[in-house]
1. Can you tell me which residue within the range 268-278, out of those that are in contact (Cβ under 8 Å) with a residue 40 or more places away in the chain and under 21 Å from residue 194 (Cα atoms), is surrounded by the most Cβ atoms within 10 Å (Cβ to Cβ)?
2. Answer yes or no as to whether residue 290 is basic (Lys, Arg), part of a loop (DSSP other than H, G, I, E, B) and at pLDDT 90 or above.
3. For the range 279-297, which residues satisfy the criterion of being out of contact with any Asp or Glu (no Cβ under 7 Å at 6 or more places or on another chain) and surrounded by 18 or more Cβ atoms within 10 Å (Cβ to Cβ)?
4. Could you tell me which of the residues 259, 229 is in contact with a Ser or Thr (Cβ under 6 Å, 6 or more places away or on another chain) and not acidic (Asp, Glu)?
5. Inspect the range 233-244 for any residue being more than 20 Å from residue 46 (Cα to Cα), of a type outside the set (Ser, Thr, Tyr) and over 17 Å from the mean Cα position of the chain (by Cα) and give the result as yes or no.
Amino acid sequence: MFHDRVKNKRYLIAGLIGAVASLTVAIGTPAEAAKKRAHAQGGYNPPYADMVVDVKTGRVLHAVNPDALRHPASITKVMTLYLLFEQLERGTFNLNSPLRVSANAASQAPSKLGVRPGQTIGVEDAIKALVTKSANDVAVVIAENIGGSEAAFANMMTRKARALGMTRTVYRNASGLPDLSQVTTARDLTILAQAVQDRFPRYYRYFQTSSFEYGGRVIGNHNRLIGRVEGVDGIKTGYTRASGFNLMTNAKTDDRHIVAVVLGGRSTAVRDNIMADLVRSNLPRAYAGRRTTPAVAENTVADRRTTTVASADIAQDEIETTASTEPVKVPVRKALTAEKTPSKVRPVVASAANAATTKTPSSDLRWKSGAPSLPQNAQAYAPAAKQDAQPSELTKMLAKQTKAVAENKPAAVVDTKSKSVSGWIIQLGASDSESKAKGILDQARSRSGKTLAKASPFTEKVNVSGSTLYRARFSGFAQQDDAQNACKALKRSGFSCFASRG
């Protein structure tokens, strides 16, 4: 009897061992389990990018692929609303103004509010429809009522992007619906996230809308982090198959303020978890003192161009055009030594000439020791932060385009009292006041070390299309190489800069 019990126990133990072994084979190693989970999700792996910026200082707190081309999806609607807020500020519309709905607008693909051809929708309802429902039909309503057509409005959006310093963004529509040539970057979107608050603090509050009632329905906000993550007060989600799950976020406490962008999440939950980790890990690291960087300002010269900026096709080596559902493919070249992450996203206002000659940073932005790594939830979804070692064809195209457009405007009339200079000069930007231009010069000198030790700062007053601007410049460079080397050093500190003969 005793021997039977021992025998039975041995069978039981053997059976348990066999079951565990079978379970291990079925599940596999953790890596294999992860692969199976990915396979269960259909292998969906959109290209990833993110960026976190300290609004008070302009310092980049975290970045992965910040300058790689991505599709904005419905984050596009932030720029659509930016242009609408501008019309409200100018008095063209008020919050009760009726916007007429065309058949084209009503026919847009979901997500949509369901407006019908011939009816009208009030401006305030239109704003809330974009913020909460992310309504594509209402985005086109806004575009057509401001620009006359969606195509014309998209050109306005691209010009505005360039005026704000969003050097790699091109818009083709007002909604973010799939279009292979509608592209942006995480860096550009952090600029937009700051600009919409700096320029329109009165209207930014709409991005905090949790729900609104329309046509007897209560419509909730797609942004699940509002009220869930401390400090988050907006601003916009987005998704297409090509883009992945995107999110632009603003977060602040009484003394700290950041903006963050995640592009290419594999699901809503993954995207939200990544963003929540970014906010929780970086908001406490943000500067708690007074804001030291100026508000994002527009380059009025670039914004007043009348020639279409977005008329050229996107370079074929930048974007795969085989199918409208495929993600953007960024060419990967042999990596060079990592460069230092610019400390400023956009500390000064770039002039039109500046925008035409400044190259977008495209280095491999990996963090030095002591800086936070990618959030744990993002590790399985974010590709390595590889960037083109050289400026992309798209960057070159947009630079040439911007310069050509700027040259189509009447030449600026230089104040004859401006300082006379010879040799080579460098320009760091332009502002609407002389004091701001001098502030740019002071910041540059204080951060440049010996680079500007022998250079002479001066401002140059110019009049462009009836508007007065003050250029921030340094003279005293005998050779072109000296001026260009100074610009390179300033760019590494986050300044925009270009060299020209005096």
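1. The initial filter retains those residues of the range 268-278 that are in contact (Cβ under 8 Å) with a residue 40 or more places away in the chain, namely 268, 270, 272-278.
Subset that is under 21 Å from residue 194 (Cα atoms): 272, 274-278.
Numbers: 272: 22, 274: 27, 275: 31, 276: 21, 277: 18, 278: 28.
Going through the qualifying residues, I end up with 275.
2. Values: basic (Lys, Arg): yes; part of a loop (DSSP other than H, G, I, E, B): yes; at pLDDT 90 or above: yes.
Yes: the conditions hold for residue 290.
3. Looking only at the range 279-297, we keep the residues that are out of contact with any Asp or Glu (no Cβ under 7 Å at 6 or more places or on another chain), and these are 279-285, 289-294, 297.
Residues satisfying the conditions are 279, 282, 283, 293, 297.
4. Values: 229 fails: in contact with a Ser or Thr (Cβ under 6 Å, 6 or more places away or on another chain).
Every option except 259 fails the conditions.
5. The first filter runs over the range 233-244 and keeps only residues more than 20 Å from residue 46 (Cα to Cα), leaving 233-235.
Pick out the ones that are also of a type outside the set (Ser, Thr, Tyr) and you get 233-235.
Within this subset, residues satisfying the condition of being over 17 Å from the mean Cα position of the chain (by Cα) are 233.
For the range 233-244, residues more than 20 Å from residue 46 (Cα to Cα), of a type outside the set (Ser, Thr, Tyr) and over 17 Å from the mean Cα position of the chain (by Cα): present.
The values are calculated or read from the model by the stated rules, or taken from the named source; none is laboratory data. The structure presented is a predicted model; accordingly, all values stated were derived computationally and were not measured. Neighbour counts run over all protein chains shown; Cβ positions are idealised from the backbone, glycine included.
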